[in-house]
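First comes the structure, then the notes that go with it.
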């Protein structure tokens, strides 16, 4: 009988292993994809693409036991050679090759020049060849940054006593209702894809006090802009026993601080590749919705057309205002009008025209919507009635309020938008592995 | 201008804070949900439910400034009182109350006796009142264990150089194809919900070498059993540069070892609440599919009806066999018949009737399917042709092979099934927050 006893240490080394320096002058084995071959006659530089970066290998005619003509770009290989310091090589060393073993070969030439520093292609061509385009090391670096964002979100929230949950994406009814739902047939019953885990995370506050989820959400919105997707990853949390909605903004600020520190620590190479300067999140200004509108109207000589809504252009100007006045990349805009928020939003007791809610703008783009929710059953029922809504189908959601809920609130962060702003892109599709929009359902 | 500067330290304490011992004899503030009130006349025990467990508070008539009659079970409160050691109380201490402040009140009595040690209710009633039933501390503990499983999966894979990815759940086509797809209309185009991230994670091996995803998958299967769900959370990984499919089993064994250690360290209280004894995963036996069938047929006097398939009963007997013979809770069954595996599975060069693949059985239940995949473009095209399949709609998937892919393989683990076995349940709905099955689309 054979047994599995855990991960076997491999003979082949990773860049991290080689960077310890203890292999200098020694013979090592590494593997990778042939990113480029630069043939100089007697020698050739073979650059391998590995998960941690590029690795320069030197082919020497007569010494390396392999015929260079048999090596193709995009092949995957395993090589054996000696580690030598070389200042001009990516990590300060190169491998002088003794042997090359081909693991796999491509069947056709590359459709895109992925080994270029910048992928010189349109977004359309990039997305049409997505899995190939992402082999460019700067393209893929964006998604390593994205990993850091999600990882930071979870690790920070674990440390703050949150429990991770997994809620269903197919349901009979959705939190916000309305027209923006994808509909499907579920064993001969009408069903929808969830626009947000809103109802579920609130229900779970009664169980775990603090919960979070990182999962896809689905919006059948017919927007065709640089900042909209029809499926995206939402970073959601919901927390009980709050003293006010400021607790939620404070928690988000804590997350941003933790996440930025994590990126600096564990994703420095990707930040360098992309030339990213991370924003300062030591302190984030807050401004009331109505005040923000006034400030912007005044400074940029703009008339307030609709006092109850923010246009994208206005959001951008609020971002500009706080950058100019406070050198701030982020700003919490608070107290959104009640009529623009869902029924479960808590109205401000001081003026019920407004809610105890906020958006977080990052360089003028909304990346978070959050706020305090109504926790009292009777008040929630009143609000539902006042809005002329049907409570049918919401019995389970309403039952948690009937049976006792602490004061609570939460937020949802759009992962792709946050990543886009962090890496300095201006189209959310650039930071989505496989975007879904009005026209794009593939790959 | 006000600024957010990060998480504010609250005056109210958590159980973890109180367990440091430094608050003994001191006045503290805590909050929580009133789990039970036991009125003994002059004193009353008020047990609070907090995220870290139960907390005993003592109400003393004349001393506590509050009228006990005004306190309801399921209310949420904030209290002030003195910490006193008390061996019979949950964590070895209790709080003698000075003040009680009510934060929220329920509007109706509980539909279930959630404060009982065991929730004495049918699974049906439990699921119909899911958000309330989960307030029972043993019910909720299962989902803390589930958190530990997912957390262990991610943290272990990060440490092994994997990158986390987020792939779309709505698509034009799915990896396995066939009848088990939920279909929907996507802006006037036919679309499906992904049964697995198979195509996407393989495509991303060409980018990051090693990738994983923890996300929902959707199966429109008409099974109505204790082990099937129509939506579940799949823990998927895919890794390149493997020497054989044993590397994948070794990686999964490493994950199980890491995860079990994490549960022991960070989820000890939940394990205690549920009376869980964790399985030994130091070494996991492997057995060929055909040998496993023979062993079981021989030992349990069972005729082999179909040499190319495992019936659930046979899986259970394989589990029993390895428990009896090797005291093993897990067993890798390898070399599944090619005709029972998808087209992308790599056939065994030694006998192409079988594949370089495996299932992991946990006490006789399949919790993982994995294996090596075909990485050569021409071989993949041959297999597609041999099966009489259409390659239309798979161009993007196929393109990654055309442009070079390393030898690779991976697996998918059913989170709810693994959790179910870990906590000793026998219906997968018990370890699903909000199950979706043939008849259940709510809550």
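Only one of the numbered conditions (1) touching a residue at least 40 places away in the same chain (Cβ under 8 Å); (2) under 25 Å from residue A:159 (Cα atoms); (3) more than 7 Å from every other protein chain (Cβ to nearest Cβ) is violated by residue B:81, and that is (2).
Scanning segment B:106-125 for residues that are buried (at least 19 other Cβ atoms within 10 Å of the Cβ) and within 20 Å of residue A:398 (Cβ to Cβ) returns B:106, B:112, B:114.
Among the residues here, residue A:238 does not qualify as assigned to a helix (DSSP H, G or I) and either more than 12 Å from every other protein chain (Cβ to nearest Cβ) or within 23 Å of the chain's Cα centre (by Cα) (or both).
Looking at segment A:325-443, the helices (runs of 4 or more DSSP H) lying wholly inside it that each contain 1 or more residues that are more than 12 Å from chain B (Cβ to nearest Cβ) and crowded, with 23+ Cβ neighbours inside 10 Å sit at A:415-423. The number of residues in segment B:296-322 being within 23 Å of residue B:280 (Cα to Cα) and either touching a strand residue (DSSP E or B) at 6+ places or on another chain (Cβ under 9 Å) or part of a loop (DSSP other than H, G, I, E, B) (or both) comes to 6. If the condition is being more than 23 Å from residue B:406 (Cα to Cα) and either in contact with a helix residue (DSSP H, G or I) (Cβ under 9 Å, 6 or more places away or on another chain) or not assigned by TED's automatic domain parsing to the domain that holds residue A:29 (or both), then segment A:74-92 contributes A:83, A:91. Residue A:212 passes every criterion in (1) in contact with a helix residue (DSSP H, G or I) (Cβ under 6 Å, 6 or more places away or on another chain); (2) facing chain B (nearest Cβ under 8 Å); (3) more than 19 Å from residue B:429 (Cβ to Cβ) apart from (2). Please determine, by comparing only the residues of segment A:167-198 that are at pLDDT below 90 and on the phi > 0 side of the Ramachandran plot, which one is farthest from the other protein chains (Cβ to nearest Cβ). The residue in question is A:178. Does residue B:221 satisfy being part of a strand (DSSP E or B) and surrounded by fewer than 22 Cβ atoms within 10 Å (Cβ to Cβ)? In short, no.
Taken across segment A:51-58, residues that are within 14 Å of chain B (Cβ to nearest Cβ), buried (at least 20 other Cβ atoms within 10 Å of the Cβ), part of a loop (DSSP other than H, G, I, E, B) and in contact with a strand residue (DSSP E or B) (Cβ under 9 Å, 6 or more places away or on another chain) do occur, with at least one present. A single member of B:336, B:362, B:344 is in contact (Cβ under 8 Å) with a residue 12 or more places away in the chain and over 19 Å from residue B:252 (Cα atoms), and it is B:344. On the given criteria, is residue A:161 at the interface with another protein chain (Cβ under 7 Å from one of its Cβ atoms), in contact with a helix residue (DSSP H, G or I) (Cβ under 7 Å, 6 or more places away or on another chain) and in contact (Cβ under 8 Å) with a residue 12 or more places away in the chain? No.
Residue A:110 satisfies every condition listed in (1) closer than 30 Å to residue A:237 by Cα; (2) facing chain B (nearest Cβ under 9 Å) except (1). In a residue-by-residue description of segment B:86-103, the property of being part of a helix (DSSP H, G or I) and surrounded by 14 or more Cβ atoms within 10 Å (Cβ to Cβ) applies to no position.
The values are calculated or read from the model by the stated rules, or taken from the named source; none is laboratory data. It should be emphasised that the depicted structure is a prediction, and the values quoted were computed from it without experimental measurement. Virtual Cβ from ideal backbone geometry, glycine too; neighbours counted across all protein chains shown.
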